[in-house]
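The values are calculated or read from the model by the stated rules, or taken from the named source; none is laboratory data. Remember, it's a predicted structure, so these values are computed and weren't measured experimentally. Cβ placement follows ideal geometry from the backbone for every residue including glycine, while neighbour counts extend to all protein chains displayed. Remember, those area values only see protein heavy atoms, side chains included, never the ligands or the DNA or RNA. Shrake-Rupley method; radii C 1.70, N 1.55, O 1.52, S 1.80 Å.
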Amino acid sequence: MKKLMKVLLVCSLLLSVSACSTKEKTASAKKENTEKKAESAKSSLVELSVEDGNYIVPLDKKADGDVKYLSLNVKVTNKSDKKLEISPDDFALYDEDGKKTSNEDVYGSEDRFKTMSYESLSEDKSLTEPIVFKVSKDKKYELHYKPTIFDLDDAEDESKEAGVELKIDQDKYTDGTKEVESLANYYVQSVFFGSEDQKDEKLVLANDLAQEKQAFKEASINCLKGEFEYYQPSTPELDKVITELQNTNRNKGKVTYTFNEFYPDYASVYVRPEVVLFDNVDSESIGEQFVNDNAGKYEEYDDAAERDMEKYLLQELPSKISTSPINTEKDMNGEGYRINMEKKDGKWQVLSEKASGNYDFESLTQTFRGGLYE
């Protein structure tokens, strides 16, 4: 009897464990099914899913703090035997308080980005296009879609039945602005300030930074050389001045970055440098010091005097640069100079080539070389 009771007890325990296990599996399966269902939604007429998404910065819009612009790449499939008319106005986000957020019309410069427009969708056909919403990061949202059917007698009733809702998890979607801002700064530090390559595996640009750094240095030396009329400076002399300019700007210069626009494969960034400009270097005191040190040396103010004064100026410039104030270029736009970046084959690239539409980059380069014209 006792043995049988033990067997029954063991069986009871096994059944209990099995039941718990079955409940856990069932709950787990339900959870998995719920998660799967959350990725897409169906009605009698349509199927809706969000294929992917990103946070963007539309042209001339501000995305600061908790307010962001979320681009959802939505896929709509017509499951009916009738033609659907797809409109971006058929989509809306609702927060947990029931407040509606309508979509934003976004058009990137040079057709870099465009949101969904008005489309017709035939039977069993799909459409995948981005829709953008202005969202608050601390809120939870549902995406609602109610299609429009024009060729049904009971179109209004069918439209109501066809509406679908989809939970949106904002944490699933990436915000690449911080990465691009870091890469823009990496480019500035490397090319314009002459910094050594930063040992950060995340900071990778498609640009040949070593080549562009050298080209900037050589162009700056040539520009500075052109400022001298009587004295023919050597490359090492000129290099010393430009190196000091880069070092000073790297140590006490300020560069801020704001987005003009940002999309998954294209970015336009305002770069606002506060740096040492040659117009603000106290060259007058260098000239006065030269006159005081060489009083009576020259019988008349001739080419020899001009040559020696220019040589003296070149020798004294590095020390004056290091103590000069930083400033913004007076002709610069208030937000800075705009640089453009593209993402190809998984890498971002600063568009640094000379082109008709890239004037801002040339102006930015000029500012970083102290205002010297090329």
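Residue check: is residue 216 under 21 Å from residue 332 (Cα atoms) and open to solvent by less than 20 Å² (accessible area, probe 1.4 Å)? So residue 216 fits the description; yes.
Across region 57-82, which residue is surrounded by the fewest Cβ atoms within 10 Å (Cβ to Cβ) among those that are in contact with a Gly (Cβ under 9 Å, 6 or more places away or on another chain) and under 10 Å from residue 134 (Cα atoms)? Filtering region 57-82 for residues that are in contact with a Gly (Cβ under 9 Å, 6 or more places away or on another chain) and under 10 Å from residue 134 (Cα atoms), the one surrounded by the fewest Cβ atoms within 10 Å (Cβ to Cβ) comes out as 71. Screening 281, 291 for residues that are under 20 Å from residue 223 (Cα atoms), of a type in the set (Val, Ile, Thr) and in contact with a helix residue (DSSP H, G or I) (Cβ under 9 Å, 6 or more places away or on another chain) leaves exactly one candidate, 281.
One residue alone among 220, 234 is in contact with a Leu (Cβ under 8 Å, 6 or more places away or on another chain), farther than 30 Å from residue 59 by Cβ and among the polar types (S, T, N, Q), and that residue is 220. Among the conditions (1) within 30 Å of residue 60 (Cβ to Cβ); (2) modelled with pLDDT under 95, the only one that residue 326 does not satisfy is (2).
A quick yes/no check of all residues on (1) open to solvent by 60 Å² or more (accessible area, probe 1.4 Å); (2) at pLDDT 95 or above; (3) over 21 Å from residue 242 (Cα atoms); (4) of a type in the set (Val, Ile, Thr):
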{"residue": "272", "(1), (2), (3), (4)": "yes, yes, no, no"}
{"residue": "294", "(1), (2), (3), (4)": "no, no, yes, no"}
{"residue": "297", "(1), (2), (3), (4)": "yes, no, yes, no"}
{"residue": "313", "(1), (2), (3), (4)": "no, yes, no, no"}
{"residue": "332", "(1), (2), (3), (4)": "no, no, yes, no"}
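Among the numbered conditions (1) open to solvent by 80 Å² or more (accessible area, probe 1.4 Å); (2) in contact (Cβ under 8 Å) with a residue 24 or more places away in the chain, the only one that residue 340 does not meet is (1). Across region 88-126, the qualifying residues are those that are within 21 Å of residue 266 (Cβ to Cβ) and of a type in the set (A, V, I, L, M), and the one among them that is surrounded by the fewest Cβ atoms within 10 Å (Cβ to Cβ) is 106. Quick one: is residue 255 outside any loop (DSSP other than H, G, I, E, B) and open to solvent by less than 50 Å² (accessible area, probe 1.4 Å)? Here the answer is yes, as residue 255 does meet what is asked.
The residues of region 346-374 that are without any contact (Cβ under 8 Å) to a residue 60 or more places away in the chain and basic (Lys, Arg) amount to a single one, 354.
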